[in-house]
Every structure is written in structure tokens, then in C-alpha cells.
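The values are calculated or read from the model by the stated rules, or taken from the named source; none is laboratory data. Not measured: the values here are computed from a predicted model. Quick reminder, even Gly has a Cβ in these numbers, built from the backbone with ideal geometry, and neighbours come from all protein chains shown. The area values use the complete protein model at the heavy-atom level, side chains included, leaving out ligands, DNA and RNA. Shrake-Rupley method; radii C 1.70, N 1.55, O 1.52, S 1.80 Å.
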Amino acid sequence: MPEVLVPVESATPLAEPTASRPCAACGETLGGRYCHGCGERAVGPEDESLAAFLREQFQEVTSADGRLWRSVRALFVPGKLTEEYFAGRRSLYVRPVRLFLIVNVLFFLWVSVVGGRIFLGNPALYRGVEVFERPMAEAAAEAGVTDEAFDAAFAQRAQTLAPTLIAVFVPVYALLIALLLLGTRRPLVRHIVLATHTVAAFMVLFMSVTALLAAPVFAAVWVTDNVPYDLDDAVIVPTVLVAWSAYLVVGVRRVYRLPWWGAVLSGTTLATGGTLVALEAYRWTLLYTTLWTLDIPA
């Protein structure tokens, strides 16, 4: 009689099938490699290797289909991100607040290198204006330090607070959009989302414009060691405002389906008067927050 082969039980138990395991994130039973409830991917021993970790991080950062890069690219198309958000295509892009925070970090790293004193709370922008200089002089007198020592401490503290306080732009823009487009009868949340996206776009536009302006400067320094002009606010801000006007005209037309005449009127008003109001609100907020939190060593 031929010998019957009987399977021998393995010394090491077989791995539990993926489909029978609960999701580690939400507890739903997995129906495959990815959870149908929350989208979390089931991990295995192979995911604990250094190569897998580096590959995952590299793909997350560099993938052309990544949400971050897709969102940044969409910022260059006026109104697109807001339109996509309310069309229900939210998972394709980074959510508004998170995108704002990411761009915010890059923006302040950039302006600290190439210029943009108005965003960094440079004391020189407050000196000579009585309503600003009076509280600064009182704070310096109370601390018992010279104006030079006070300004140095003020600049350092203001630069620390600036990235957080620029969020003031969002509610200011949202309020102005709501007032200008009151006749559209759109929910307030639409104005808030558009304001968040447009402020992020403003920072990206600012970085793009200054990068273009910086190119001839760096080329001249490399060739002649002479800087033909200074990248300060007198050059940057007017250039950005011109580009910003065109951006907002197209953006509000796209999001609110306005006729061209209404888009031009609303967009240019937001880009000029609205931006000046937002900058002034930011300036005051940065001044007094810096003064309230300033600690000057005796």
C-alpha cells in the first residue's frame, strides 16, 4: 500500500490572513491590505525595515500625486482649491488649515533670508509714528533700557511671534469677502475657506515674486560683487500687489461665479484696500502682542 503523506504542522504558526484581522486604527475587520472604514494600511514585518521606512517617506514627499504637491500646485490656479473643497474632492488635497500652516513655515523661513520687514515686525517700521512709538517708549522706560537695547529685544521677540500672528489675515479677509460679496448669500464658511486658501496663496505668491526679483541680484553679486538694488518692502510689496490683484479677480470669479465686472471690482478692492487693512491689523496685533510678552533682561 502506498504511503499516505500527512501534512506536518509547521513549527511556526502561519501569519493570520489580512482579511481576518481588525484594523489597528479603527477596529474594523480588514477586507484587504487597506481598511474600508478609515483607509489605514495594514502593516507587516516587512514594514519595519529601514529601507521600507525611507521608501515610504521619500514617496510621501516626492510623489507627483502627493496631496501636498497637488495642493501647492493648485494654489497657483486662483480659486481652484476652494472650488474643489466645496465640490467634495477634499481627500485629494491638504485641508485648508494644515496647508496654511505648512506654507506659513516656508514663508517665514524665506522672508527671513530675502527680506520682508513688514512681516517680521522690524522696529524701524514703528519708529516715527506717534501711535506706535509712544507705547514703545513707555515700555523701554519701564524696563530702564536704551532705545537701541529695546529695539533689539523687540525685533527678536516680534520675529518669534510673527509666524503665528499672521493668521490674523484670515479672519480679516473672510470678513471683507463676506461684506463685499454679501449679495451672493453664500455661507460664512465658504468665505473662511476662501480666505484661508487665499492667504496661503498670498504667501506662495510673495515667495515666487521675491525669488524672481532675487535672481538678478544674486547674478549681479556673483559677477560684480555689487548689489543693484535692495530687496526691501519698497520693491516687494508693490510688485506682489499687482500680481495679487489679478489673482483675486480670477479667484473670486471662479468661486462665486461672478460676472467679470463684479470680479474685477471685488478682486481689486480685496487686493488693494483689503490687503492694506489686513496688513494694518497684523501690524497692530504684532506690536501689542510683542509688547505684552516682551521680557527684557535688566
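Would you pick out the residues in the range 143-159 that are in contact (Cβ under 8 Å) with a residue 12 or more places away in the chain and out of contact with any helix residue (DSSP H, G or I) (no Cβ under 7 Å at 6 or more places or on another chain)? Break it down into steps so the answer makes sense when it comes.
The initial filter retains those residues of the range 143-159 that are in contact (Cβ under 8 Å) with a residue 12 or more places away in the chain, namely 143-145, 149-151, 153-155, 157-159.
Within the range 143-159, G144, V145, A149, A153 qualify.
Counting only residues that are among the β-branched types (V, I, T) and within 19 Å of F108 (Cα to Cα), which one in the range 144-167 is most open to solvent (accessible area, probe 1.4 Å)? Steps first, answer last, please.
Initially, the range 144-167 is screened for residues among the β-branched types (V, I, T), giving 145-146, 160, 164, 166.
Now narrow it down to the ones that are within 19 Å of F108 (Cα to Cα): 160, 164, 166.
Values: T160: 86, T164: 102, I166: 3 Å².
The selected residue is T164.
When only residues in the range 60-106 that are among the hydroxyl-bearing types (S, T, Y) and at pLDDT below 90 count, which is nearest to A246 (Cα to Cα)? Break it down stepwise before answering.
In the first step, residues of the range 60-106 are kept if they are among the hydroxyl-bearing types (S, T, Y); the result is 62-63, 71, 82, 85, 91, 93.
Filter once more, keeping what is at pLDDT below 90: 62-63, 91.
On the way: T62: 30, S63: 30, S91: 28 Å.
Checked the range 60-106; the qualifying residue nearest to A246 (Cα to Cα) is S91.
Checking the condition of a type outside the set (V, I, T), touching a His at 6+ places or on another chain (Cβ under 7 Å) and farther than 20 Å from R283 by Cβ, which residue from A201, A149, A143, A178 passes?
Working: A201 fails: touching a His at 6+ places or on another chain (Cβ under 7 Å); A149 fails: touching a His at 6+ places or on another chain (Cβ under 7 Å); A143 fails: touching a His at 6+ places or on another chain (Cβ under 7 Å).
Going through A201, A149, A143, A178 in turn, the sole match is A178.
Could you list, in sequence order, all residues of the range 260-280 that are open to solvent by less than 30 Å² (accessible area, probe 1.4 Å) and under 23 Å from the mean Cα position of the chain (by Cα)? It would help to see each step written out before you state the result.
Taking the range 260-280 as the starting set, the residues that turn out to be open to solvent by less than 30 Å² (accessible area, probe 1.4 Å) are 262-263, 266-267, 270-271, 274-275, 278-279.
G267, L270, A271, G274, T275, A278, L279 - these are the residues of the range 260-280 that are open to solvent by less than 30 Å² (accessible area, probe 1.4 Å) and under 23 Å from the mean Cα position of the chain (by Cα).
What's the number of the condition R190 fails, among (1) charged (D, E, K, R); (2) over 19 Å from A74 (Cβ atoms); (3) open to solvent by 40 Å² or more (accessible area, probe 1.4 Å)?
(2)
State whether the residues of the range 121-132 include one that is within 14 Å of the chain's Cα centre (by Cα) and closer than 22 Å to T275 by Cα. Even if it seems obvious, please write down each step before you answer.
Just the residues of the range 121-132 that are within 14 Å of the chain's Cα centre (by Cα), to begin with: none.
No.
Which one is modelled with the highest pLDDT, of the residues in the range 18-46 that are acidic (D, E) and farther than 24 Å from V94 by Cβ?
Applying the first criterion (acidic (D, E)) to the range 18-46 yields 28, 40, 46.
Keeping just the survivors that are farther than 24 Å from V94 by Cβ gives 28, 46.
Working: E28: 80, E46: 74.
Among those that are acidic (D, E) and farther than 24 Å from V94 by Cβ, it is E28.
Working carefully through the options R257, R253, find the one that is over 18 Å from the mean Cα position of the chain (by Cα), at pLDDT 90 or above, buried (at least 18 other Cβ atoms within 10 Å of the Cβ) and of a type in the set (K, R). Step through it out loud before you land on a result.
Numbers: R257 fails: buried (at least 18 other Cβ atoms within 10 Å of the Cβ).
None of the others qualify; the one that does is R253.
Pairs under 6 Å by beta carbon, first residue open to solvent by less than 50 Å² (accessible area, probe 1.4 Å) in the range 121-137, partner small (G, A, S), six or more apart or different chains?
Correct list of pairs: G121/A158; G121/A162; P123/A155.
Take the range 275-298 and flag every residue that is small (G, A, S) and at pLDDT 90 or above.
Applying the first criterion (small (G, A, S)) to the range 275-298 yields 278, 281, 298.
Scanning the range 275-298 gives A278, A281.
Within the range 106-117, does at least one residue satisfy the condition of being open to solvent by 30 Å² or more (accessible area, probe 1.4 Å), aliphatic (A, V, I, L, M), in contact (Cβ under 8 Å) with a residue 24 or more places away in the chain and closer than 19 Å to T164 by Cβ?
Initial filter on the range 106-117 (open to solvent by 30 Å² or more (accessible area, probe 1.4 Å)): 106, 109-110, 112-113, 117.
In the following step, the residues that additionally are aliphatic (A, V, I, L, M) were identified as 106, 109, 113.
Restricting the remaining residues to those that are in contact (Cβ under 8 Å) with a residue 24 or more places away in the chain gives 106.
So of that shortlist, the ones also closer than 19 Å to T164 by Cβ come out as 106.
Yes; the residues of the range 106-117 include at least one that is open to solvent by 30 Å² or more (accessible area, probe 1.4 Å), aliphatic (A, V, I, L, M), in contact (Cβ under 8 Å) with a residue 24 or more places away in the chain and closer than 19 Å to T164 by Cβ.
State the number of residues belonging to the range 73-96 that are of a type in the set (G, A, S) and open to solvent by 50 Å² or more (accessible area, probe 1.4 Å).
From the range 73-96, those of a type in the set (G, A, S) are 74, 79, 87-88, 91; that's our starting set.
Adding the requirement that they be open to solvent by 50 Å² or more (accessible area, probe 1.4 Å) leaves 87-88, 91.
Count: 3.
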